[in-house]
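Peer 1: Sharing a structure, written as structure tokens. Questions coming.
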Amino acid sequence: MFFITLFAILLFNSVASQGIFDPSTFTQGSCTGSNKWTIWFDTNDPSSVQGDFEITNHIKQLLPTYMCSSPSAIEAQTSYDTSPTTTGDVFRISTKDGFFCLNQQVNNYKNRLCTDYKVRYCCPSASISR
Ligand SMILES: [Ca+2]
């Protein structure tokens, strides 16, 4: 828990300069050829302390048979299958690190939390069990 908190604080500084969510970035990379999308991962619920994080390394450790070591793309949706653009949340997404929505970045932070999100990754078809 300490590590996560420290990480969030470090991350906050880099996220703060990125501004409002850009629709073009909720999918990073494409998924074609011998690759396919994994199942959706929702490993974290929004907390009032931090936000909603779906961390790539955490997912690799938690669900190794459904995940590959070097995904080529990541996509995020809300847990209710709507586009992140509809939430008004501010977040960061990258294949390497995962998805991070920090409550501090949300308008009227005192009154609302980050929406709950899920992510999926693009992996070589042969490397994942489904
Ligand atoms: Ca989540």
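Each value in this text was obtained by applying a stated rule to the coordinates, not by laboratory testing. What you see is a predicted model; the values in this text were computed from it and never measured.
Peer 1: Show the residues, 5+ positions off or on another chain, whose built amide H is closer than 5 Å to the amide H of Y117.
Peer 2: S79
Peer 1: Moving on to the next point. So what's segment 44-100 giving for Cα Rg divided by 2.2 N^0.38 Å, two decimals?
Peer 2: Rg over 2.2 N^0.38 Å, computed on Cα atoms: 1.17.
Peer 1: Moving to a separate point now. Which length gain, in nm to one decimal place, applies between S48 and S125 when the Cα-Cα distance is subtracted from 0.36 nm times their residue separation?
Peer 2: The span from S48 to S125 would gain 24.0 nm if fully extended.
Peer 1: For segment 116-124, in order, what is each residue's ³J(HN,Hα) by Karplus, 6.51 cos²θ - 1.76 cosθ + 1.60 with θ = phi - 60°, in whole Hz (x at glycine and Pro)?
Peer 2: 7, 10, 9, 9, 9, 10, 9, 10, x
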